[in-house]
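The values are calculated or read from the model by the stated rules, or taken from the named source; none is laboratory data. Please read all numbers here as calculations on a predicted model, not as lab measurements. Note that we place each Cβ from the backbone using ideal geometry, even for glycine, and neighbour counts take in every protein chain shown.
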Ligand SMILES: Nc1ncnc2c1ncn2[C@@H]1O[C@H](COP(=O)(O)OP(=O)(O)O)[C@@H](O)[C@H]1O
Ligand SMILES: Nc1ncnc2c1ncn2[C@@H]1O[C@H](COP(=O)(O)OP(=O)(O)O)[C@@H](O)[C@H]1O
Ligand SMILES: [Mg+2]
Ligand SMILES: [Mg+2]
């Protein structure tokens, strides 16, 4: 558990427990292919993204650079003025004239003040720009995640999404936090020192330039190796996060099934992979940066020899050599910072590539560019499936050539064995997915052409999996219609019989439901989800086993309420308990993705089909 | 909507303690690397010494061989400078190489421990803590600590030593000027102290806000379907914008603080340099100093600029690490409430008869005042199946969760074959109990791994039998059979398929005690009948406690207990209770809803729901 974790063979075990994904792209966005072209493309994309992010800050960036120039000029003036003071101030002072020295000292003081103001201004401004860019990026990525389809999220997993928006952004923040100024400063001071060196002594400066090919070669090696290493790190940390998020979420199962030790082993492998990946990246910089130092120090020694020799030969003055050497240190010192910055840049770029990959992903279920308004405003609720074929994987269709027309206002019960495709039909109507072939229409308009906001106002799906957000009960109900006031929220709860249990909670409607609604029992969560749907007041309501965790009387109460509420809307109700069917105008029996029976409940019950059998079985089970 | 950081009942651990207390307490993790730290400090000091020596050599060159026209001396000293330069680079290389491996090792070790600890914290802890907050601790905070260990701490020590050495050398070169430079440490100290205090608070705020952002992202990912179904993207984006903006504001504030302090700190060596120039020039004019000495003095003094300039950054890094350590410690310091009692025993499966008794058991959720269960007395005989029946929210699932000790009883006790469950080792108890939760919990890993969650040693046959029992043979038809990865939370399966896998997992390996929470709720009537028939065979020999809502499933049970208002109000055979207990009949009956007539809530149509 300590000291870097057990030495495990890594990879193999990880793939085994994770199982084989049905989608080859499961672990990445589509853009993140591993082929060299895709890598290059993504890198280009990330550069475009960066430029795009910085564009709105052009003017502030200009100001920042100006401040930085000011600071740099002032900082560079310092040693120069000191030397000037020594060279030009001491002789007059000896002669009893402090004038030149005082003038130099005053200039030095002025330079110091300029440096203070400029440095403070620059650091403040660059923090502002950095934070603004991060804010922008964060919101863009989050917004894009919201737009991406359910199918994308199913393969991408929530842990990876969390990883992108936390750890990857951290890497970029690290760069924004302290890197840029060191970059610009280093570059500026290298350039200005280079100018001074050239001005001081041309032959010595020429010797210094000999270092450049070596610097260039070393940097190119580092750039290639570290880009790959940081990319690996981003992937490794995502796996750690995915595993962490999932095992904490399923902590009850983990504990009940004594999964802890195996999870720890798996985590140790992932954690160790991450450690190794980062270690690799850090070792590269641990080699690169001293490498630069070697080049710098060798150059200093060479200049010392050559310069000393020149002084001996009378080609240069001793003061010039002293100044040259002083500046030479200032020439190579920023290169250390530069290498450090380069490393942060590589790390941030790797993260930015991941984000660019996400932003590059086109939503498979996209908002129409030119939405067609639903006739009659919010929609009346006539639904039709026209030869719809759909499968989660194109090679394994779940629904084939499905045709179904539901007139406005009709309540349809959908029954059939588990896995028959009932939820799939529901999800198509809620446009979680688009059909592979055929169309689903609402009031005659293809769902693909309805604006999302309008579609969601018209159609609401209560899924099998109730999800409550952290917050209060009232807030969760209000999720159905954010504009609703407290009275409307209570009325919705009352309508489906949730009011009593809510008022019995310690803080009533203001009770915090905790993470994922864990404060409530499963049935209570379903009731809240129901209230939410009623509050949303859609023209088409889809209920997918929305009452499965309720006790019989409560379910009856909900059914009864449904009877009233569904009277003037279209409804698709999926339930195993045939009590639902009593309020339906029409029953569909689904098997293997096909509608095998269709008709009013009474007629089907009287016939000799599957429904009749189920109905009999169900009646017998009642008290 | 929700109060920021609400799921984060941050215990007030730092009651007046030193801000660096938590960081200090992480030192056991450094211990394995004590030798490395020693080496890297030596290497760092050596490198610094080398880099300090270079200007001295340069001074010697300028004042000595060059002035004395001595080429041999020039090349000798230049050779020395080269050697020093190479040694410096080599030492830097060693230092960084060692540093990266030790700091990464420490980070990974803390992470593994926090993870292991989190897995042992009870469900009640996880109910309250947002997983985003936990995640940000295990990732972001640990990387902050790592950064401090690998850079901040080292540079703090190194810069201090550099500062001292340089100042000492300066004093040796020229006592008066040297002391002047030494005195500049006072304003540096004052500025730093003030900064540290302000930055500490900002850094903690930022980390908490990072946790809030992570929480919302995680929640969004989980609630994605709900979000889509209601088209609430804009609202969530607005909520996210709020949190991201809070983070932004804190970041800008931190930046401003750092900018102010950095600039101030920078001012100090500059002003000192100015004073040295004037005073030094006067000294040279007065003949107390050679020009070469003054040049050396100034160039040595220039070496102080970097340590001072980086001081602001190092302090910031240190404060961030301190608050990060606080946050990590908050998790590590939470004691796991449910642990093995001293002297707890292991009960071998073969010795278990399976008599489960609740004796005056009461339970209340931590932080809540009203008990959910009161004085429950209930016995399940070996091999018997007892069904729990009761209205939604009456405490059935809570009661079940007490058996594998996911929660701990607040009063009374539960015994298995006469042993108080608390006297059994947790692992032993949980090995005996097979659980199926109300909501099947599946992980994004292979079907096989999901099934053998608690029994990695399970054989092919056992798995096949469990799948057959749960009518879950569909698993073999998945694209890669049992090796297929099920989507996150099993969402690539239909609801009934998920539930059957969860059931198969519960019965895998024939546990002595089965605890099933409404295990057939998502199954269609036909499949339910098949599962029931298979389950019945297992239940004949296994003690089982199951929650049941439908009359059809009650046939599985030998006896039924009615739970009302947290108490067991009736126990008996189904037919008996049906005949004699009206409340029992009511809770199972599909008659007209009582509320519809008896003055209960009147369901309304559209008009009522609208505001
Ligand atoms: N997100 C998904 N990805 C891949 N396959 C899925 C997904 N959801 C459902 N399936 C498969 O599609 C089939 C139909 O599922 P579903 O429509 O949920 O059935 P049900 O009739 O029980 O609601 C099942 O075989 C299921 O495994
Ligand atoms: N973590 C919790 N903290 C506080 N109260 C809870 C918690 N979980 C459930 N409850 C409350 O305890 C009661 C019993 O819940 P539960 O046992 O899940 O009911 P059910 O009988 O429907 O399974 C409910 O009223 C619920 O609101
Ligand atoms: Mg379904
Ligand atoms: Mg329950």
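Odds and ends about this structure:
- Residues satisfying the stated conditions in the stretch A:466-479, i.e. farther than 12 Å from residue A:530 by Cα and not in a helix (DSSP H, G or I): A:469, A:470, A:471, A:472
- Check on residue A:198, touching a residue at least 12 places away in the same chain (Cβ under 8 Å), touching a helix residue (DSSP H, G or I) at 6+ places or on another chain (Cβ under 9 Å) and assigned to a helix (DSSP H, G or I): no
- Options B:360, B:374, B:349: the member that is away from ligand 3 (no atom under 16 Å from the Cβ) and within 14 Å of chain A (Cβ to nearest Cβ): B:349
- Subset of the stretch A:541-572 (residues that are in contact with a strand residue (DSSP E or B) (Cβ under 8 Å, 6 or more places away or on another chain) and under 23 Å from residue B:585 (Cβ atoms)): A:551
- Positions within the stretch A:503-550 being within 7 Å of chain B (Cβ to nearest Cβ), assigned to a loop (DSSP other than H, G, I, E, B) and crowded, with 24+ Cβ neighbours inside 10 Å, in sequence order: A:545, A:548, A:549, A:550
- The set of residues in the stretch A:418-430 that are in contact (Cβ under 8 Å) with a residue 60 or more places away in the chain and more than 10 Å from ligand 3 (Cβ to nearest atom) comprises A:429, A:430.
- Restricting the stretch B:380-404 to residues that are away from ligand 2 (no atom under 12 Å from the Cβ) and surrounded by fewer than 22 Cβ atoms within 10 Å (Cβ to Cβ), the residue that is nearest to the other protein chains (Cβ to nearest Cβ): B:386
- Residue A:353 vs. criteria assigned to a helix (DSSP H, G or I), away from every other protein chain (no Cβ under 13 Å) and out of contact with any strand residue (DSSP E or B) (no Cβ under 8 Å at 6 or more places or on another chain): yes
- Of the criteria (1) in contact (Cβ under 8 Å) with a residue 12 or more places away in the chain; (2) at the interface with chain B (Cβ under 8 Å from one of its Cβ atoms); (3) more than 16 Å from ligand 2 (Cβ to nearest atom); (4) not in a helix (DSSP H, G or I), which one residue A:482 fails: (1)
- Single residue of A:487, A:426, A:420 found to be surrounded by 21 or more Cβ atoms within 10 Å (Cβ to Cβ), assigned to a helix (DSSP H, G or I) and away from ligand 4 (no atom under 16 Å from the Cβ): A:426
- In the stretch B:461-487, the residues that are within 11 Å of another protein chain (Cβ to nearest Cβ) and either touching a residue at least 60 places away in the same chain (Cβ under 8 Å) or assigned to a loop (DSSP other than H, G, I, E, B) (or both): B:471, B:472, B:478, B:479, B:480, B:486, B:487
Each row is one residue, and each column tells you yes or no for (1) under 45 Å from the mean Cα position of the chain (by Cα); (2) surrounded by fewer than 21 Cβ atoms within 10 Å (Cβ to Cβ); (3) more than 30 Å from residue B:293 (Cα to Cα).
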site	(1), (2), (3)
A:302	no, yes, no
A:310	no, yes, no
A:314	no, yes, no
A:336	yes, yes, no
A:343	yes, no, yes
A:351	yes, no, yes
A:362	yes, yes, yes
A:368	yes, yes, yes
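- Criterion: surrounded by 23 or more Cβ atoms within 10 Å (Cβ to Cβ), in contact with a helix residue (DSSP H, G or I) (Cβ under 7 Å, 6 or more places away or on another chain), more than 7 Å from every other protein chain (Cβ to nearest Cβ) and under 25 Å from residue A:427 (Cβ atoms) - qualifying residue of A:468, A:461: A:468
- Which listed residue is over 37 Å from the mean Cα position of the chain (by Cα) and in the same structural domain as residue A:414 (by TED's automatic domain parsing), from A:558, A:528: A:558
- Any hit, the stretch B:4-22, residues being in a helix (DSSP H, G or I) and at pLDDT 75 or above: yes
- Of everything listed in (1) within 16 Å of ligand 2 (Cβ to nearest atom); (2) modelled with pLDDT under 90; (3) more than 11 Å from every other protein chain (Cβ to nearest Cβ), the single unmet condition for residue B:550 is (3).
- Tally of residues being under 43 Å from the mean Cα position of the chain (by Cα) and away from ligand 3 (no atom under 15 Å from the Cβ) across the stretch A:588-601: 2
Quick grid of which residues meet (1) away from chain B (no Cβ under 13 Å); (2) within 24 Å of residue A:293 (Cα to Cα); (3) modelled with pLDDT of 85 or more:
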position: A:162; (1), (2), (3): no, no, yes
position: A:186; (1), (2), (3): no, yes, no
position: A:198; (1), (2), (3): yes, yes, yes
position: A:225; (1), (2), (3): yes, yes, yes
position: A:235; (1), (2), (3): yes, no, yes
position: A:238; (1), (2), (3): no, no, yes
position: A:252; (1), (2), (3): no, no, yes
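- Residues in the stretch B:68-81 that are assigned to a helix (DSSP H, G or I) and either more than 7 Å from chain A (Cβ to nearest Cβ) or on the phi > 0 side of the Ramachandran plot (or both): B:68, B:72, B:73, B:76, B:77, B:79, B:80.
Per-residue answers, yes or no, for (1) more than 10 Å from chain B (Cβ to nearest Cβ); (2) in contact (Cβ under 8 Å) with a residue 40 or more places away in the chain:
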{"site": "A:63", "(1), (2)": "yes, yes"}
{"site": "A:71", "(1), (2)": "no, yes"}
{"site": "A:75", "(1), (2)": "no, yes"}
{"site": "A:81", "(1), (2)": "no, no"}
{"site": "A:91", "(1), (2)": "no, no"}
{"site": "A:105", "(1), (2)": "no, no"}
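- Checking residue A:460 against (1) outside any strand (DSSP E or B); (2) more than 16 Å from ligand 3 (Cβ to nearest atom), the condition it does not meet: (1)
- The single condition among (1) at the interface with chain B (Cβ under 8 Å from one of its Cβ atoms); (2) crowded, with 19+ Cβ neighbours inside 10 Å that residue A:137 does not satisfy is (1).
- Residue within the stretch A:595-603 that is free of Cβ contacts under 8 Å to residues at least 40 places away in the same chain, within 16 Å of ligand 1 (Cβ to nearest atom), touching a helix residue (DSSP H, G or I) at 6+ places or on another chain (Cβ under 7 Å) and at the interface with chain B (Cβ under 10 Å from one of its Cβ atoms) present: no
- Among helices (runs of 4 or more DSSP H) entirely within the stretch B:488-571, having at least 3 residues that are within 16 Å of ligand 3 (Cβ to nearest atom) and free of Cβ contacts under 8 Å to residues at least 60 places away in the same chain singles out B:495-507, B:525-539.
- Total residues in the stretch A:568-580, condition within 16 Å of ligand 1 (Cβ to nearest atom) and away from chain B (no Cβ under 11 Å): 3
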